[in-house]
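Each remark here refers to the structure printed beneath this line.
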Amino acid sequence: MVSMSEVQELFLQKIPEHGAILDLGCGSGRDSKVFLDLGYKLISVDGSEKMCEATTALTGIPTICSSFQDYEPETEFDGIWACASLLHLKPEEIRPVVSNLAKALKPDGCFYMSFKYGEFQGFRNDRYFTDLTEENLKKLLEDVDGLTLESFMITSDVRPGRENEKWLNVFYLRE
């Protein structure tokens with residue numbers, strides 16, 4: 001299993017101890033399990049029934065099966081972790097989803113998201129991808145009510161054999 005510990009640590013520095021986290025696009029539950037094991041309150045959401053089943057099996061907590069567009073949080077979060085998930089939306093779908101979910105962040109809450117670095121939009125291996133640069137992301141999310149860009153960083157892919165692929169990691173804070 002791939003470790004995202006470096007980025008997770010940066011994210012968790014912005015979250016109160018035992019705070020509430022939304023793992024948006026939880027996939028197999030890798031990050032959900034890490035956050036739970038560290039004592040955070042967690043809600044995991046994914047659009048794939050198979051991924052939700054895998055996350056529930058790994059974490060022991062129910063996982064919500066929902067598209068990002070249809071998910072309506074019933075609670076507030078100290079942080080939203082959207083690791084390599086929003087990139088599967090078309091550019092025009094990203095802003096409304098981020099805007100809607102930002103409303104569920106507590107003041108000073110952190111919204112982390114990551115995208116493959118670049119300007120590609122379209123299908124790769126039967127999955128849709130929106131790759132973004134810093135400039136494209138800023139334009140896409142400028143003036144989302146209540147969110148301020150805190151920082152971004154470009155990292156190399158941590159999967160073996162993919163070290164040349166780059167990722168845009170972004171941290172927004174709720175005002």
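The values are calculated or read from the model by the stated rules, or taken from the named source; none is laboratory data. None of these values were measured; they are calculated from a predicted model. Ideal geometry is used to build each Cβ from the backbone, glycine not excepted, and the neighbour counts take in all protein chains shown.
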Just name the residue that is modelled with the lowest pLDDT out of those in the stretch 138-165 that are assigned to a strand (DSSP E or B) and surrounded by 15 or more Cβ atoms within 10 Å (Cβ to Cβ). Thr155
Hey, can you tell me all the residues within the stretch 67-112 that are more than 23 Å from Asp131 (Cβ to Cβ) and among the β-branched types (Val, Ile, Thr)? Thr75
Could you tell me whether any residue of the stretch 35-56 is in contact with an Asp or Glu (Cβ under 8 Å, 6 or more places away or on another chain), of a type in the set (Phe, Trp, Tyr), surrounded by 15 or more Cβ atoms within 10 Å (Cβ to Cβ) and part of a helix (DSSP H, G or I)? yes
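From Leu101, Leu173, grab the single residue that is touching an Asp or Glu at 6+ places or on another chain (Cβ under 9 Å), among the aliphatic types (A, V, I, L, M) and in contact (Cβ under 8 Å) with a residue 40 or more places away in the chain. Let's see the steps before the verdict.
Working: Leu101 fails: touching an Asp or Glu at 6+ places or on another chain (Cβ under 9 Å).
It is Leu173.
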Collect the residues in the stretch 61-75 that are surrounded by fewer than 22 Cβ atoms within 10 Å (Cβ to Cβ), touching a strand residue (DSSP E or B) at 6+ places or on another chain (Cβ under 8 Å) and either at pLDDT below 95 or not aliphatic (A, V, I, L, M) (or both), keeping them in residue-number order. Cys65, Ser66, Tyr71, Pro73, Thr75
Residues within the stretch 108-137 that are part of a helix (DSSP H, G or I) and either modelled with pLDDT under 95 or under 16 Å from Ile80 (Cβ atoms) (or both), tallied: 1
Here are the criteria: (1) surrounded by 19 or more Cβ atoms within 10 Å (Cβ to Cβ); (2) among the acidic types (Asp, Glu); (3) more than 17 Å from Phe171 (Cα to Cα). Tell me which single one Asp78 does not satisfy. (3)
Inter-residue pairs, beta-carbon under 7 Å, first free of Cβ contacts under 8 Å to residues at least 40 places away in the same chain and in a loop (DSSP other than H, G, I, E, B) and in the stretch 59-70, second surrounded by 15 or more Cβ atoms within 10 Å (Cβ to Cβ) and acidic (Asp, Glu), 6+ apart: Thr63/Asp46; Gln69/Glu93
Considering only residues that are among the aromatic types (Phe, Trp, Tyr) and under 13 Å from the mean Cα position of the chain (by Cα), look in the stretch 81-140 and name the one that is nearest to Cys26 (Cα to Cα). Trp81
Pair list, Cβ under 7 Å, 6 or more apart: the stretch 139-168 residue more than 18 Å from Val98 (Cβ to Cβ), other residue at pLDDT 95 or above and in a loop (DSSP other than H, G, I, E, B): none
